[in-house]
Amino acid sequence: MLDEASAAQLIRANPGGSGPSAGRDDGFAFTHDKIREVLYQELNPIRRRRLHQRIGETLETLYGAPRDDGEPAAARSDEHAQDLAHHFMHAGDLSKSLTYSRRAAANAERVFAHDEVLEFLVQARESAEALHRAIDLHAIDEAIGDIHETRGTTHPAVESFQQALAGATTPEARARLKAKIGNVYCAVGDPRGLPYLEEALAELDPRTQTHALALVTALMGRYYHWRERRLRWASARRSLARLRRVTSSLGRTRPDADIGTMRSPSARRITTKGASPARWRASRGASSALHKPCTARASW
């Protein structure tokens, strides 16, 4: 059969090979990926699942067997976790799919391949959900949220953390997840994060969660800082309104031009050029007095 397939140019000899056949001279490869795809799709679904199961078990045995060079079997199994997760998922072996998908996600995270991390975590989540493993679901949802937070995608991160929060069973886990949600919101200045931080601050254990407690305290300080800054902005706007009234009382036809005196000394010199000494002193005094809040705002 191999000779016939080779004569038809469906397969070709691949002496070097890769994976288990590396270094052997009896390897073959398809001449084009489309040939492999067509043959794969023509397989009976039951036969396809059985083949995936046999391949997965064979690879698991191969990579789990001891080697002469002393390399741990567990390390080699983790190294090929991506292939094992693929075959066991398509075989319908949910338990092994869950195990190797999480290992593959950890391998991808070590090299910052976040797209692959999410792919394997979603695969692991599907297996855990089908197996009704609530503890695994909780851990996977939190891990997905961590990756989204690292990528800077706020909404998916919050959604994943909230799913994990719904499945949390201990006060420590709930407090930690609330702190993470507050942290994600805080990064984009969203006020919805403050209630989560306040609840986390009340629930965190100061004996065992000192790092999270310090982070929550710092994040709440940022929220209070922003609140103070908004108050300063409101004060500045009131000052601008007073300045308009003052410049209008001086008889200016364009009172908004005097607003520039709050922003730039050069603009102040331009707007007061040619004015009478009395008017110049009044304008300078008013703008100097109102310039102080803006100077304080810029220093934040």
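Readers should treat all values here as calculations from the given coordinates under stated rules, not as data from a laboratory. All of these numbers come straight from a predicted model, not from anything done at the bench. Methodologically, a virtual Cβ is constructed for each residue, glycine included, from the backbone with ideal geometry; neighbour enumeration extends over all protein chains shown.
Among ASP93, ASP141, the ranking by other beta carbons within 10 Å of each residue's beta carbon, starting with the fewest, stands as ASP93, ASP141. Each label point was placed 7 Å from the Cα along the Cα-to-Cβ direction; for HIS225 and SER248 their separation is 3.8 nm. Distances between placed amide hydrogens fall under 5 Å for ILE11 paired with SER6, THR31, all partners being 5 or more residues away or on another chain. Oblate is the label for the range 74-144, because a/c, from the alpha-carbon gyration tensor with a ≥ b ≥ c as root eigenvalues, is 1.5 or above and a/b does not exceed b/c. In a fully extended conformation the segment linking GLU203 and ALA241 would gain 9.2 nm over its present Cα-Cα distance, using 0.36 nm per residue. Here the range 180-204 is scanned for amide nitrogen atoms under 18 Å from the site 7 Å beyond the Cα of ARG232 along Cα-to-Cβ, giving 189. Fewest neighbouring Cβ atoms within 10 Å first, the residues ILE144, ILE135, ILE55 line up as ILE135, ILE55, ILE144. Computed extension length for GLU159-THR61: 31.4 nm, one decimal, from 0.36 nm per residue of separation with the Cα-Cα distance subtracted.
So if we plug the beta-carbon distance of ARG54 and ASP115 into 1/(1 + (r/R0)^6) with R0 = 22 Å, what FRET efficiency do we get, rounded to 0.05? Between ARG54 and ASP115 the formula returns 0.15.
Can you give the FRET efficiency for HIS132 and GLN41, using 1/(1 + (r/R0)^6), R0 = 41 Å, r = Cβ-Cβ distance, to the nearest 0.05? With a Förster radius of 41 Å, E is 0.85. Extension gain for the segment THR210 to GLU172, taken as residue separation times 0.36 nm less the Cα-Cα distance, is 12.5 nm to one decimal. Counting other Cβ atoms within 10 Å as a rough exposure proxy, the listed residues ILE140, ILE147, ILE11 run ILE11, ILE147, ILE140 from fewest neighbours to most.
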